[in-house]
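Structure first, then comments.
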Amino acid sequence: MGRIIRTGVSFPEDLLKAFDKIIRDLGIRSRSQAIQEAVRDFIAMNSWRIADGEVAGTILVRYSHEKYGIEEKLTDAQHEFLKLIPSALHIHISKEDCLLVIAVRGMASEIKELVKKLREAGRVKQLTYVMMPIC
Ligand code: NI
């Protein structure tokens, strides 16, 4: 670890209260430690989007299968990018909702295109992803 640098950060009051509650509930020792963890997560979550290297990870899509056409469009998108997708899992999470877990491996630029296509499939309820650089 390099040397420690102190910095000041401004927060809206309600955001800081919510943050402190999570810190207490998780038993994290200090606000500084929690902010460092959050910054590491932020870097890990976003660095792959800037540099176009090879990455592997998962895309999670929650959607209502009762929304007309969405399931077919999500499937079409996966078939369009089939070389990126070694595996996918469909979980029925409620009477209405499905969770699609798509494992991916490929160039970041191609995975960004797949994510864009999945978003275009219609009104997904939630779409998130975790990617790790392969190096
Ligand atoms: Ni389902």
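The values are calculated or read from the model by the stated rules, or taken from the named source; none is laboratory data. All figures in this text were calculated on a predicted structure; none of them were measured in a lab. FYI the Cβ positions are ideal-geometry reconstructions off the backbone, even for glycines, and counts take in every protein chain you see. Protein only, heavy atoms only, side chains kept; ligands, DNA and RNA dropped before computing areas. Shrake-Rupley method; radii C 1.70, N 1.55, O 1.52, S 1.80 Å.
The residues in the range 17-54 that are open to solvent by less than 100 Å² (accessible area, probe 1.4 Å), farther than 30 Å from residue 88 by Cα and of a type in the set (A, V, I, L, M, F, W, C) can be counted, and the count is 7.
Yes or no, residue by residue, for (1) more than 14 Å from residue 117 (Cβ to Cβ); (2) assigned to a loop (DSSP other than H, G, I, E, B); (3) touching a Cys at 6+ places or on another chain (Cβ under 6 Å):
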residue: 43; (1), (2), (3): yes, no, no
residue: 47; (1), (2), (3): yes, no, no
residue: 52; (1), (2), (3): yes, yes, no
residue: 57; (1), (2), (3): yes, no, no
residue: 61; (1), (2), (3): no, no, no
residue: 68; (1), (2), (3): yes, yes, no
residue: 74; (1), (2), (3): no, no, no
residue: 79; (1), (2), (3): no, no, no
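Each residue in the range 96-108 was checked for being more than 10 Å from the ligand (Cβ to nearest atom) and either open to solvent by 60 Å² or more (accessible area, probe 1.4 Å) or among the β-branched types (Val, Ile, Thr) (or both), and 5 pass. Considering only the range 75-83, I want to know if a residue exists there that is away from the ligand (no atom under 15 Å from the Cβ), touching a helix residue (DSSP H, G or I) at 6+ places or on another chain (Cβ under 6 Å) and not assigned by TED's automatic domain parsing to the domain that holds residue 40. Checked against the condition, which is being away from the ligand (no atom under 15 Å from the Cβ), touching a helix residue (DSSP H, G or I) at 6+ places or on another chain (Cβ under 6 Å) and not assigned by TED's automatic domain parsing to the domain that holds residue 40, the range 75-83 yields at least one hit. With respect to the conditions (1) of a type in the set (Ser, Thr, Tyr); (2) away from the ligand (no atom under 12 Å from the Cβ); (3) under 18 Å from the mean Cα position of the chain (by Cα); (4) within 19 Å of residue 120 (Cα to Cα), residue 87 falls short on a single one, namely (4).
Of 116, 125, 67, all but one fail to be among the basic types (Lys, Arg), over 16 Å from the mean Cα position of the chain (by Cα) and either open to solvent by 90 Å² or more (accessible area, probe 1.4 Å) or within 15 Å of the ligand (Cβ to nearest atom) (or both); the exception is 67. Against the numbered list (1) open to solvent by less than 70 Å² (accessible area, probe 1.4 Å); (2) within 16 Å of the ligand (Cβ to nearest atom), residue 57 comes up short only at (2).
Here residue 32 fulfils each of the conditions (1) part of a strand (DSSP E or B); (2) small (Gly, Ala, Ser); (3) away from the ligand (no atom under 16 Å from the Cβ) apart from (1). In this entry, residue 62 passes the filter for residues that are among the charged types (D, E, K, R), within 16 Å of the ligand (Cβ to nearest atom) and modelled with pLDDT of 95 or more.
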